[in-house]
1. Pull up all non-local amide H partners of S49: gap of 5 or more, or a different chain, and H-to-H distance under 5 Å with H placed in the peptide plane.
2. Dipole size in debye (nearest 20) for region 16-162 around its Cα centre, Lys and Arg Cβ +1, Asp and Glu Cβ -1?
3. Are there DSSP H segments in the chain that both extend 18 Å or more along their axis (alpha-carbon positions) and score a mean Kyte-Doolittle hydropathy of at least 1.6? List them, or say none.
4. State the Cα centre-to-centre distance between region 159-220 and region 1-70 in whole Å.
5. Please give the contour-minus-distance gain from I218 to R48: 0.36 nm per residue of separation, less the Cα-Cα distance, rounded to one decimal in nm.
6. Taking the number of other C-beta atoms within 10 Å as the exposure measure, put F85, F145, F140, F210 in order starting with the fewest.
7. Under a Cβ-only charge scheme (Lys and Arg +1, Asp and Glu -1), can you give me the dipole magnitude of the chain about the Cα centre, in debye to the nearest 20?
8. Taking a ≥ b ≥ c as the square roots of the eigenvalues of the Cα gyration tensor of region 159-258, is the shape rounded (a/c under 1.5), prolate (a/b larger than b/c) or oblate?
Amino acid sequence: MYYEIEIISIVSLTLLGLIVGSFSNVCIYRIPRNESIVFPASHCPKCRSKIQPFDNIPLLSFILLKGRCRNCKSKISIRYPMVEFLTGLTYLIIYLVYGLSIQTLVYIILSSALIIIAFIDLNQQIIPDVISLPGIIIGFILSFFVPYISFVDSILGIVVGGGIILVIGMGGSAIYKKEAMGGGDIKLAAMIGAFLGWRYIIISLFLGFFLGALAGIILIMSKIKKREDVIPFGPFIVLGSFITLFWGEKIILWYLGF
Ligand SMILES: [Zn+2]
């Protein structure tokens with residue numbers, strides 16, 4: 001009986017992740033363009049033909065259509081199946097870590113928002129306020145109703161998260177004489193802090209800086225990017241927070257030397 005519930009939960013949450021990922025693709029494309037995320041229905045960005053439901057199945061349709069529009073045969077970005085896959089995988093790991101709990105519910109919503117932010121930042125180098133600002137407020141309000149984070153911890157998370165990026169950004173601007181980190185990064189860190197509290201946001205940002213620096217070095221050494229190119233930091237903050245969400249307790253125990 002227990003196993004059956006477990007298997008049903010794993011399959012349904014992963015499927016839910018794939019479907020939400022499919023919707024996230026719509027948000028990633030439309031939010032920076034200030035378009036409605038509801039109307040009109042999905043269409044090919046090239047030939048504008050409407051995408052039929054059977055061509056809109058997460059992952060599967062991309063494979064069956066060999067990554068091309070059924071109508072005009074133009075290439076569909078690899079980003080579409082990638083976002084679907086990542087969202088499905090994220091839902092699965094969150095379930096495996098937190099089980100059937102209120103935490104799983106909150107974290108799958110948070111992670112979906114973060115995946116959308118990360119890809120918009122990758123594409124357009126902006127972090128939309130329409131997600132991060134309500135995110136800060138929702139994270140804070142939730143802290144009054146959930147058992148795993150107190151509202152004090154949530155406020156500290158907002159202040160510490162936003163504050164760390166603000167201070168480092170000001171330091172970077174003073175050294176490089178140009179904006180090192182944008183206001184979008186500050187609001188993003190504050191939002192994650194509101195949901196995860198001060199300890200987890202510190203770990204998230206530490207991991208984000210580490211991975212961002214590592215990626216920067218690799219991209220510059222392999223000549224994909226030049227020194228003066230802008231590398232968006234948002235995706236690394238998101239990546240850091242995902243690692244923390246999945247393995248935060250283990251990281252803290254390891255750090256404390258247990
Ligand atoms: Zn087309």
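Where a number appears in this text, it was derived from the coordinates with a stated rule and is not lab data. If you're wondering where the values come from, they're calculated on a predicted model, not measured in any experiment. All Cβ positions, glycine included, derive from the backbone under ideal geometry; neighbour counts span all protein chains shown.
1. Residues meeting the amide H criterion: C44.
2. On the way: 11 positive and 6 negative charges, 202 e Å.
Magnitude of the dipole: close to 980 debye.
3. Values: long enough: 2-30 (42 Å, 1.26); 79-98 (28 Å, 1.03); 102-124 (33 Å, 1.73); 129-142 (19 Å, 2.17); 151-176 (37 Å, 1.87); 183-221 (36 Å, 1.77); 234-256 (28 Å, 1.35).
Helices meeting the span and hydropathy rule in the chain are 102-124, 129-142, 151-176, 183-221.
4. A separation of 31 Å, based on Cα centres.
5. Values: separation 170, 0.36 × 170 = 61.20 nm, distance 3.81 nm.
Residue separation times 0.36 nm, minus the Cα-Cα distance, leaves 57.4 nm.
6. Values: F85 16, F145 9, F140 19, F210 12.
Result, fewest neighbours first: F145, F210, F85, F140.
7. Numbers: 20 positive and 13 negative charges, 257 e Å.
Here the chain has a charge dipole of around 1240 debye.
8. Values: a/c = 2.22, a/b = 1.41, b/c = 1.58.
Oblate shape, in that a/c is at least 1.5 and b/c is the bigger or equal ratio.
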